[in-house]
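Throughout, read-outs are computed from the coordinates displayed, never taken from laboratory work. The shown structure was predicted, so the numbers you read here are calculated from the model rather than taken from an experiment. Reconstructed Cβ throughout: ideal geometry from the backbone, glycine too, with neighbour counts over all protein chains shown.
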Amino acid sequence: MSAAIRLKRFGTKKRPYYRIVVMDKMAPRDGKTIDELGYYHPIEAEDKQIVFDAEKAKIWLAKGASVSDTVRRIFNKKNVTVK
C-alpha cells in the first residue's frame, strides 16, 4: 500500500474546509483515512487558515508518503520542506 498526503473535503456548498490527511493513493477523496495531520480552512483569516502537525508530516514523509501539489504548497507556506 502506498500512502499519499492530501486534502479531504468537508463543509457545505461554497463554504469548504479541508483536512490534511494520509490516505491510500487509490482511495476516493472522501474515503477512509490512515492518519489526520491538520486542517486547511481557506475562508478563515490568514493566520487561522492552516493548522497541522509538522512532526507527524515529517514522519510520514520519511516513510515514503507522496504529497499532492496543493498540500505541497500548504507545507511550503509553513516552511516544511518536501522533495
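Select from the stretch 34-59 the residues that are surrounded by 13 or more Cβ atoms within 10 Å (Cβ to Cβ) and assigned to a helix (DSSP H, G or I) and list them in ascending order. If the condition is that a residue be surrounded by 13 or more Cβ atoms within 10 Å (Cβ to Cβ) and assigned to a helix (DSSP H, G or I), then Ala54, Lys56, Ala57, Lys58, Ile59 are the ones that fit.
For the stretch 67-76, the count of residues that are within 11 Å of the chain's Cα centre (by Cα), in contact (Cβ under 8 Å) with a residue 24 or more places away in the chain and in a loop (DSSP other than H, G, I, E, B) is nonzero. Within the stretch 20-27, not a single residue is in a strand (DSSP E or B) and exposed (fewer than 11 other Cβ atoms within 10 Å of the Cβ). Is the stretch 27-44 home to any residue that is in contact (Cβ under 8 Å) with a residue 40 or more places away in the chain and in contact with a strand residue (DSSP E or B) (Cβ under 8 Å, 6 or more places away or on another chain)? Within the stretch 27-44, none of the residues are in contact (Cβ under 8 Å) with a residue 40 or more places away in the chain and in contact with a strand residue (DSSP E or B) (Cβ under 8 Å, 6 or more places away or on another chain).
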